[in-house]
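The values are calculated or read from the model by the stated rules, or taken from the named source; none is laboratory data. Since the structure is predicted, the reported quantities are computational estimates derived from the model, not experimental observations. FYI the Cβ positions are ideal-geometry reconstructions off the backbone, even for glycines, and counts take in every protein chain you see. The protein model used for the area step is the full one, side chains on, heavy atoms only, and it has no ligands, DNA or RNA in it. Shrake-Rupley method; radii C 1.70, N 1.55, O 1.52, S 1.80 Å.
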Amino acid sequence: MRARYGVPLSIAAAGAAGLVYAAGFEARSFRLRRVTVPVLPAGMRPLRMLQVSDIHMVGGQRKKQRWLRSLAGLRPDFVINTGDNLSDPEGVPEVLDALGPLMEFPGAYVFGSNDYYGPKPRNPARYLLEKTSGRHGLNGNPPAVGVVHNPWEELRDGFDAAGWLDLTNTRGTLKVEGMSIELTGLDDPHIKRDRYAEVAGGPSSNVDFSMGVVHAPYLRVLDAYAADDYPLILAGHTHGGQLCIPFYGALVTNCDLDTERVKGLSTHTAEGRTSYLHVSAGCGTNRYTPVRFACPPEATLLTLVARG
């Protein structure tokens with residue numbers, strides 16, 4: 001009996017233990033990463049920017065809400081929210097409550113597909129199939145049907161009321177201690193809502209610093225930002241791969257970005273120009289796949305310093 005069933009039972013036990021760890025511990029093991037990025041013009045003082053992304057709030061996630069509120073203690077110069085705040089149509093009040101202390105600082109936001117539409121149960125293997133076929137989101141796939149429409153307008157109104165800039169296919173400028181920070185934003189490329197032609201042209205000449213902001217880091221968007229000579233691009237969406245293999249890394253990015261740049265700081269080059277790219281692994285998960293492995297939830301404090 002032992003010879004026949006010992007190995008399968010041990011594998012099953014290891015799998016169960018891994019699932020308990022991924023769902024019960026790591027998915028709620030919130031981390032703050034700190035990154036320094038040399039992108040500011042010479043002589044400009046450092047700026048501390050907090051990026052939060054992919055919160056995917058579900059009712060009752062008290063630990064996540066407490067952790068998000070605690071980030072205000074970092075006293076950032078400004079905050080950028082790169083989308084996918086919701087994974088529950090009833091989650092808007094809890095998102096606004098959790099981000100309330102952060103909304104006392106200057107900030108801006110873009111939305112992701114999960115802000116507009118509620119999630120549906122999905123076989124995780126489909127992400128691998130989409131990777132091999134090159135079909136992600138609505139980019140080449142049939143339009144979504146039968147989906148839940150989230151109350152994103154309420155989320156927008158809450159952010160706007162706090163003074164955060166809506167960067168939906170538009171530009172905005174934050175004033176931070178006398179410095180002007182230009183933000184060029186796009187709606188979510190994952191569902192084909194990006195309209196780069198409406199914001200093309202590169203950084204303005206009358207601001208101190210410019211950067212691009214988008215939810216999903218699709219290559220067409222990164223190419224456009226880099227070709228327009230933005231020194232920094234911020235994105236989320238990938239969850240850092242969410243289920244990663246230790247000492248190997250992510251298997252998928254849920255877009256056409258390569259897995260080597262699935263999270264953290266890297267670069268992107270187009271038409272001979274190179275931008276820094278920061279992709280947040282985010283601090284949540286789809287409500288139907290509430291697990292993370294070798295990829296803890298995070299927010300990032302980016303310190304922007306002068307080039308060279």
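What segment 28-183 shows is 44 Å² of accessible area per residue, with the surface traced by a 1.4 Å probe over protein heavy atoms. Full extension of the chain segment joining Thr132 with Arg34 gains 32.0 nm, where the gain is 0.36 nm per residue of separation less the Cα-Cα distance. The 3J(HN,Hα) values that the Karplus relation (6.51, -1.76, 1.60; θ = phi - 60°) gives for segment 205-218 are, in residue order, 7, 9, 10, 7, 7, 10, 8, x, 9, 8, 6, 9, x, 6 Hz. Gly and Pro appear as x.
For segment 187-204, putting each phi into the Karplus relation 6.51 cos²θ - 1.76 cosθ + 1.60 with θ = phi - 60° gives couplings of 6, 5, x, 4, 10, 6, 9, 6, 9, 5, 4, 6, 10, 5, x, x, x, 6 Hz, in residue order, rounded to whole numbers and with x for Gly and Pro. Using the Cβ-Cβ distance between Ala162 and Glu198 with R0 = 22 Å, the FRET efficiency computed as 1/(1 + (r/R0)^6) comes to roughly 0.35. Across all directions, the shadow cast by the convex hull of segment 138-188 built on its C-alpha atoms averages 4.9 square nanometres.
A cut-off of 5 Å between modelled amide H atoms, ignoring neighbours fewer than 5 places along the same chain, links Ala281 with Gly264. Here the chain has 56 percent of its accessible surface on carbon and sulfur atoms, given a 1.4 Å probe and all protein chains in place.
Considering every Cα-Cα pair within segment 177-225, what fraction, in whole percent, is farther apart than 13 Å? Cα-Cα pairs of segment 177-225 separated by over 13 Å account for 56 percent. Toward the positive end of the charge dipole of the chain, with +1 on the Cβ of Lys and Arg and -1 on the Cβ of Asp and Glu, the farthest Cα among Ser275, Asn169, Thr259 is that of Thr259.
The overall shape of segment 146-243 is oblate: from the C-alpha gyration tensor, with semi-axes ordered a ≥ b ≥ c, the ratio a/c is 1.5 or greater and a/b is no larger than b/c.
Taking all C-alpha pairs of segment 238-290, those more than 18 Å from each other amount to 37 percent.
Estimated purely from DSSP H runs of n ≥ 4, each contributing -39500 (n - 2.57), the mean residue ellipticity at 222 nm for the chain is -6500 deg cm²/dmol once divided by its residues. Over all pairs of different C-alpha atoms in segment 168-308, the reciprocal of the mean inverse distance, the Kirkwood hydrodynamic radius, equals 15.8 Å.
Long hydrophobic helices in the chain, taken as whole DSSP H segments with a C-alpha length of 20 Å or more on their own axis and mean Kyte-Doolittle hydropathy at least 0.5: 2-20. When only Cα pairs below 8 angstrom with a gap of at least 6 residues are kept, the chain shows a relative contact order of 27 percent.
Near Gln65: Cβ cut-off under 9 Å, other residues only, Lys/Arg at +1 and Asp/Glu at -1. The net charge is +3. Close amide H partners of Val37, meaning residues 5 or more places away or on another chain with modelled amide H under 5 Å apart, are Thr303, Leu304, Val305.
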